[in-house]
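Since the structure comes first, as structure tokens, the remarks are kept for the end.
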Amino acid sequence: MSLALTRRGFIAAGAACVLRPDLALSAGPQRIVSLDYGLASTLLSLGIVPKAVASRADWDVWVIEPDLPAEVVDLGSSWEINFEVLTSLRPDLILTTPFNAALTPRLEAVAPTLSLGVFTADGGDVLPKAFAATRALAARVERKDEGDAFIARTEAFFDECRARIARIGAPPLALLSFLDARHARIYTAPGLYHNVMQRIGLANAWTAPGNFWGFETIGIERLAEMKDPATRLIIFEPVPADVMPKLEESPLWQALPFARPGQLAVLPGALMFGMLNDAMRFARLITDHLEQAA
Amino acid sequence: MSLKSHLGPAAIVVMLLGLSLVLAAPQAAVLMGNADAATGSAMHRLVFLNSTLPRMATALLAGASLALSGALFQQVLRNPLASPTTLGISAGANLALVAVTLFVPGLLGFGRDLVALCGSAAAAGLVFLMGARQKFSPISLVMSGLVVSLWCGALSAVLMLLNERYLVSLFIWGAGSLSQQSWAIPLSLAPKLALVCLVVAAILRPLLLNELGDAGARALGVHMVRLRVVAVMAAVALAAFVTSAVGVIGFIGLVSPTIARLAGAPRAGQQLVWSTLIGAALLFLTDTALLATAGAFADFLPTGAVTAIFGSPLLLILLPRLKIRHRLMEAEAPVSLNPATARLAKRLMLPAAVLVLAVALVFGRSPDLGFTLMPPDLSGDLLALRLPRIAAAFFSGAMLAVAGTILQRLTGNEMASPEVLGISAGATLGVAVAVFLVAAPGLGAQLGFSALGAFAVLSVIFLLAARSGLQPERVLLAGIALSAMVDAVIGVIGATGDPRAVFLLRWMSGSTYSVSAFGALMAAVLAVLLISGSAFMRRWLELLPLGSSAASALGVPVGRARFLLLTLAGLLSAAATMSVGPLSFVGLMAPHLSRQLGFVRATPQLFGGALIGGMLMVAADWLGRSLAYPYEIPAGLVSALIGAPFLILLMRRARA
């Protein structure tokens with residue numbers, strides 16, 4: 001773990017050296033801030049370190065990778081970014097999403113603003129929108145080549161995962177996060193997780209579509225609606241401490257075919273409201289797990 | 001008295017239960033009947049036996065206990081607005097759960113129920129401690145309960161906002177979901193409730209005497225303090241058991257005793273029994289209806305939130321029929337600081353206000369996280385950011401304080417505040433509608449929708465209350481019903497995990513974050529106009545607290561005066577809500593503080609309250625901007641956090 005962190009840190013430091021804004025020849029924006037994790041993470045993959053990110057304090061809990069360099073400033077909550085911080089940073093580009101539309105007029109008064117939507121109320125699959133947003137971002141920050149390379153890297157990684165999964169053959173998967181001992185969030189169409197599963201050749205055992213973020217909140221008893229006894233349950237961290245002991249006591253849970261060791265696994269979380277980096281992290285976690293379990 | 005008085009409530013219980021059986025029948029038939037069906041039927045049966053049936057049992061038990069608890073509170077506190085939430089039980093439980101989830105999640109392994117129970121017990125204990133100083137007088141208990149409840153609510157909201165990750169599970173718990181996976185909850189709930197019911201049965205007769213009022217009952221030899229302690233403890237226990245087991249299902253406890261009374265159960269004993277049965281049937285019906293229609297909604301709906309959504313209009317419809325009898329309520333001695341302290345405080349008020357404004361304007365934090373005076377190179381930018389917020393905070397605080405003063409004088413009820421009137425709730429509902437209709441509403445759309453919501457509530461209240469001559473209790477009850485409905489709507493949105501819930505939670509907690517220069521100017525103009533308008537009605541404000549007959553004898557046109565004062569309070573609240581969200585606590589607190597500083601007559605109380613309210617909001621706004629920098633804590637929450645302990649302190653000092 002520490003080895004991986006060091007390596008990642010090294011690469012990031014190297015990238016920062018090569019791509020120092022003051023050395024760069026491109027005329028693109030130099031002082032970029034982001035209100036969105038997915039856009040900030042994509043920016044890092046394009047070789048640009050943002051000056052500030054909203055909710056930076058929780059980056060390591062939600063996004064986990066890639067690492068965010070220490071000098072990146074915290075903009076405050078993504079719902080109510082701190083305008084005193086934003087103004088004093090004197091940015092030349094602000095990245096935001098339609099989700100923060102109420103802030104847009106005030107953001108535009110500070111600096112040029114680019115709003116890119118991946119999770120939008122008009123619905124539709126999330127992954128294609130994430131690709132489109134990546135291209136648009138790369139064009140705006142004048143890193144078109146880096147953007148194309150990043151997208152090619154992502155597609156190649158998905159192809160690799162798809163091949164690895166085809167080799168072992170995988171059962172239908174149900175993805176969920178426990179909210180408490182009686183309720184869970186189950187991930188489904190048109191969400192990021194669901195789209196990645198389709199892309200790498202996995203079947204989602206939960207077939208009903210959810211909201212436009214791609215999940216549905218359910219009582220645990222509704223898991224019985226999944227009929228295929230081969231279904232495997234993937235539970236994302238964190239799991240509240242009282243959930244597992246309480247479930248053990250429930251005859252209903254006991255009777256669920258997939259609620260037993262071997263068909264159930266707890267994996268580290270990935271950002272479900274993210275973009276390509278988060279999609280790749282999810283694909284890696286799931287593929288590694290299936291290979292180990294096979 | 002005899003059989004006839006039981007007919008009404010009995011008919012209601014039979015009707016509610018019959019309706020639920022009709023709804024539940026097809027489900028039970030499908031699941032229990034065709035045992036010959038395909039592979040899925042074994043699982044269906046299992047779901048029915050271990051999820052559906054325990055869920056029904058839980059609904060009946062929870063409904064019965066909450067209703068009994070509410071009926072007890074209303075009897076003992078002699079206040080038709082009392083409900084389990086009034087003593088801070090659910091807020092205390094909620095705070096305990098939020099804190100444990102965030103800071104010591106390991107403790108949850110010992111049981112979520114236990115944690116919640118400790119929280120409710122602590123809240124109830126605190127309320128008792130404060131009530132004991134005033135011999136558990138009805139008003140002081142309600143007042144203390146309200147303060148504790150607001151304080152716990154504000155603190156859990158701060159914790160939730162700063163830890164958005166855990167929001168959904170807290171929302172679900174807060175909104176009261178009855179979903180079950182085993183018999184564990186109903187089986188553990190039943191014996192606890194039975195025990196409390198035995199206690200209640202034992203104190204039933206003395207409770208009947210309680211109806212006579214303190215003096216009458218004392219003459220009949222009943223020790224009122226002990227009776228009240230036992231009754232309140234039983235009610236607290238009932239609410240705490242339910243709340244810790246399934247979360248907040250508050251409205252049943254308010255609405256069931258009301259229905260029992262309306263249906264013609266006039267005596268304390270009958271009211272307790274019929275409230276209990278009506279509560280059980282009501283929650284059962286709601287939950288069955290929810291299960292029967294579950295397929296129709298893609299989203300997850302917590303029952304507690306749904307009871308409130310359907311329960312509140314029911315209360316609104318029943319409202320004109322509600323008989324509000326004249327209650328024997330001993331007048332409280334006017335409470336204030338000792339004269340020397342009050343004089344000093346009065347003299348320091350203006351300088352303190354200037355100091356607060358100056359500090360809020362020039363002192364702040366910088367990205368390197370230290371406290372600094374405004375750096376000169378940024379002063380233009382920072383002033384432009386801070387001035388509108390400070391102005392909006394000041395004028396909104398002042399307007400809410402004046403609205404609170406008017407409402408408290410008009411109704412003679414210490415619980416009265418702009419939020420209780422439902423105006424701010426209406427504004428919040430407007431914003432909720434905007435967020436969902438317009439997907440991403442701009443600032444203008446938000447303000448427009450909130451104004452629409454506020455005025456919609458105002459007109460509904462007038463329509464309902466006009467028929468009854470704008471009796472203060474009725475207006476308050478209508479306001480509470482509407483507020484509960486809005487809370488429930490937010491609860492439903494939050495429990496589905498929709499990220500827009502965070503936005504609404506922030507809006508509700510009252511932040512000056514999105515105030516523009518124009519918004520601040522508007523708040524200032526409205527504040528000056530409306531506050532001077534209220535000063536013109538000082539004679540009515542002076543005379544109305546004497547009671548409507550005394551006031552009209554002194555030449556006050558009671559109906560017209562009430563109408564105009566309510567309109568004014570509504571406009572004040574709507575104006576304040578539109579610029580900085582529903583900051584109800586200031587509207588509740590400032591009039592009290594003003595009176596305790598010795599501003600007893602109407603005009604001084606209005607202006608003293610306005611200055612205190614404004615100062616309080618500016619200080620709260622500054623703290624909210626600085627404490628968790630660069631993150632922001634909404635000013636409304638901060639004012640509740642610093643204001644409530646302050647109020648408790650003043651109440652204690654006044655007694656010593």
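Please tell me the relative contact order of the stretch A:58-133 in percent, rounded to the nearest whole number, where contacts are Cα pairs under 8 Å and at least six residues apart.
22 percent
Per DSSP H run of at least 4 residues, take -39500 (n - 2.57); add these up for chain A, divide by its residues and hand me the 222 nm value, nearest 500 deg cm²/dmol. Don't jump to the answer; show the numbers that get you there.
On the way: 11 runs with 121 residues, N = 294.
Result for chain A, helices only: -12500 deg cm²/dmol.
What FRET efficiency comes out for B:F48 versus A:A293 if R0 is 30 angstrom and r is the Cβ-Cβ distance? Round to the nearest 0.05.
Efficiency computed from Cβ-Cβ geometry: 0.35.
Among A:96-104, A:132-140, how do they line up by average Cβ neighbours within 10 Å per residue, starting with the highest?
A:96-104, A:132-140
Through the Karplus equation 6.51 cos²θ - 1.76 cosθ + 1.60, θ set to phi - 60°, convert the phi angles of the stretch A:216-233 into ³J(HN,Hα) values in whole Hz; use x for Gly and Pro.
Along the stretch A:216-233, the couplings run 9, 8, 10, x, 4, 4, 6, 4, 5, 5, 7, 8, 5, x, 7, 3, 10, 9 Hz.
Just tell me how shielded A:170-179 is by partners: mean number of partner chain Cβ atoms within 10 Å of each residue's Cβ, no decimals.
2
With r defined as the distance between the Cβ atoms of B:V229 and B:R539 and R0 fixed at 25 Å, what FRET efficiency is calculated, to the nearest 0.05?
Calculated transfer efficiency: 0.05.
Given labels modelled 7 Å from the Cα in the Cβ direction, how far is it in nm from B:L546 to B:L627?
4.4 nm
Please compute, for peptide B:375-382, the average count of beta-carbon atoms on other protein chains lying within 10 Å of each residue's beta-carbon. It would help to have the intermediate numbers written out before the result.
Details: counts 1, 0, 1, 4, 0, 1, 7, 4.
For this peptide, the per-residue mean of nearby foreign Cβ atoms is 2.
Using 1/(1 + (r/R0)^6) with R0 = 45 angstrom and r between the beta carbons of B:V14 and B:L529, what's the FRET efficiency to the nearest 0.05?
0.25
Give me the inter-chain shielding for B:626-636: mean count of other chain Cβ atoms within 10 Å, whole number please.
Taking all residues of B:626-636 together, the mean is 4.
Quick one: go through the stretch B:523-553 and flag any residue whose amide nitrogen is under 20 Å from the point 7 Å out along the Cα-to-Cβ line of B:T603.
The answer is B:528-546.
Would you please state which residues of the stretch A:215-242 a label at A:I64 would reach in this model, taking the label point 7 Å out along Cα→Cβ and a backbone N cut-off of under 17 Å?
Hits in the stretch A:215-242 for A:I64 at 17 Å: A:234-240.
Express the relative contact order of the stretch A:168-293 as a whole percentage, based on alpha carbon pairs under 8 Å and six or more residues apart in sequence. Write down the numbers at each step before the final one.
Working: 212 pairs, mean separation 36.2, N = 126.
Taking the mean separation of contacting Cα pairs over the length of the stretch A:168-293, I get 29 percent.
Checking the a/c ratio against 1.5 first, then a/b against b/c, what shape does the Cα gyration tensor give for chain A?
Prolate.
Using Cα pairs closer than 8 Å and at least 6 residues apart in sequence, work out the relative contact order for the stretch A:204-265, in percent.
RCO, the stretch A:204-265: 37 percent.
On full extension of the chain, what length is gained from B:L355 through B:A553, given 0.36 nm per residue of separation minus the C-alpha to C-alpha distance?
Details: separation 198, 0.36 × 198 = 71.28 nm, distance 4.61 nm.
My answer for the length gained is 66.7 nm.
Report the label-to-label distance for A:E146 and B:S188 in nanometres (one decimal), using points 7 Å from each Cα along the Cα→Cβ vector.
5.4 nm
Work out how much length B:R560 to B:R347 would gain on full extension: take 0.36 nm times their residue separation and subtract the Cα-Cα distance, in nm to one decimal.
Here the answer is 73.0 nm.
Return, ordered by residue number, the residues of the stretch A:176-207 whose backbone nitrogen is under 20 Å from a label point located 7 Å along Cα→Cβ of A:A156.
Only A:199-201 pass the distance filter.
Using a Gaussian network model on chain A with a 10 Å cutoff between Cα atoms, which of A:G123, A:G262, A:G274 fluctuates the most?
A:G262
Considering only A:V239, A:V126, A:V118, give the residue with the highest GNM mean-square fluctuation for chain A, with springs between Cα atoms whenever their separation is below 10 Å.
Fluctuation is largest for A:V239.
None of the figures in this text is laboratory data; all of them are computed from the coordinates on show. All values derive from a computational prediction rather than experimental measurement. Cβ: placed from backbone, ideal geometry, glycine included. Neighbour counts: every protein chain shown.
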